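In what follows, a structure is listed as structure tokens, so that the remarks can point back to it.
Since every read-out is calculated from the coordinates, none of them should be taken as a lab result. Treat the numbers as computed from the prediction; the structure is a model and nothing was measured. Neighbour counts are summed over all protein chains in view; Cβ atoms, including those assigned to glycine, are modelled from backbone coordinates with ideal geometry.
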Amino acid sequence: NAGVMQNPRHLVRRRGQEARLRCSPMKGHSHVYWYRQLPEEGLKFMVYLQKENIIDESGMPKERFSAEFPKEGPSILRIQQVVRGDSAAYFCASSKLAVGLDEQFFGPGTRLTVL
Amino acid sequence: DQQVKQNSPSLSVQEGRISILNCDYTNSMFDYFLWYKKYPAEGPTFLISISSIKDKNEDGRFTVFLNKSAKHLSLHIVPSQPGDSAVYFCAAADSWGKLQFGAGTQVVVTP
């Protein structure tokens, strides 16, 4: 049973370009969470999704960021018109049930560098 | 606002001794707490968790203690081993499962 997969592992973008980060949850997991880790900081929650639904996006910046988890395929975190401050490690986690009943398993992360 | 705090950014401990990592939280609505271990360039790995209805959970060398009245939890690792050298994150979950993480504690286990 493969773990949570994220790709690409490293992504370099120039200011103004778009970044697309993909996350394939573990088999059988329908809960997906995205977190961002800025340098020298802990992980910060961004968004919680279930299949085709955004449950909680309170941690998402209001502009340029969006997330989806379609019925088929991976979850996508999309950052439009990237700026240098978007440079961070973005982690995806999945769980079979909501946390409190099941722990979250993390992917290896995507390291985004904005030039 | 930082709802989960790990006030010690680093901890150095001798191999074979006990490592004690501390974590404080401010939101009384948190009802599930987790510890994660993270190596550089990897995602966090789940270590151990505790529900708010318990005050202790043990798994091998790892024990987590929860003091709800003080809004404080701690992770004990005994005996500490060189492979335990990593960053440890405390996390608290709300009813949706959204995790709030502390800033992490870098543990270094010396021979």
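Listing for the model above:
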{"quantity": "Chain A pair-distance distribution - Cα-Cα, 10 Å bins, rounded %", "calculated": "15, 50, 30, 5, 0"}
{"quantity": "Dipole of the protein assembly as shown [Lys/Arg +1, Asp/Glu -1 at C-beta], most positive-end residue of B:PRO40, B:SER12, A:GLN17", "calculated": "A:GLN17"}
{"quantity": "Fluctuation leader among A:GLY42, A:GLY73, A:GLY16 - chain A, Gaussian network, Cα springs under 10 angstrom", "calculated": "A:GLY42"}
{"quantity": "Gaussian network model of chain B, springs between alpha carbon atoms under 10 Å - residue of B:SER52, B:SER19, B:SER69 with greatest fluctuation", "calculated": "B:SER69"}
{"quantity": "Distance between modelled label sites at A:LYS44 and B:ASP1, nm, 7 Å Cα→Cβ extension", "calculated": "1.7 nm"}
{"quantity": "Dipole magnitude (debye, nearest 20) for the range B:1-47, charges at Cβ of Lys, Arg, Asp, Glu", "calculated": "140 debye"}
{"quantity": "Value of Rg/Rh across the range B:1-77 [Cα atoms, Kirkwood radius]", "calculated": "0.96"}
{"quantity": "Rg(Cα) / (2.2 N^0.38 Å) computed for the protein assembly as shown, rounded to two decimals", "calculated": "1.01"}
{"quantity": "Farthest positive-ward along chain A dipole, Cα basis, beta-carbon charges - from A:GLN104, A:PHE65, A:TRP34", "calculated": "A:PHE65"}
{"quantity": "Highest-MSF residue in chain A out of A:LEU21, A:LEU77, A:LEU97 [GNM, Cα springs under 10 Å]", "calculated": "A:LEU97"}
{"quantity": "Sum of side-chain charges, B:TYR88 neighbourhood, beta-carbon under 12 Å (Lys, Arg +1; Asp, Glu -1)", "calculated": "+1"}
{"quantity": "Cα centre as origin, Lys/Arg/Asp/Glu Cβ charges: the protein assembly as shown dipole, Debye", "calculated": "600 debye"}
{"quantity": "Lys, Arg +1 and Asp, Glu -1 on Cβ, resulting dipole of the range B:11-86 about Cα centre, debye, nearest 20", "calculated": "120 debye"}
{"quantity": "Förster-model FRET efficiency, 35 Å R0, B:TYR39 and B:VAL78, C-beta, rounded to 0.05", "calculated": "0.95"}
{"quantity": "Nearby lysines by direct alpha-carbon distance to B:LYS71 (threshold 23 angstrom, same-chain neighbours under 8 apart not counted)", "calculated": "A:LYS44, B:LYS5, B:LYS37, B:LYS54, B:LYS56, B:LYS98"}
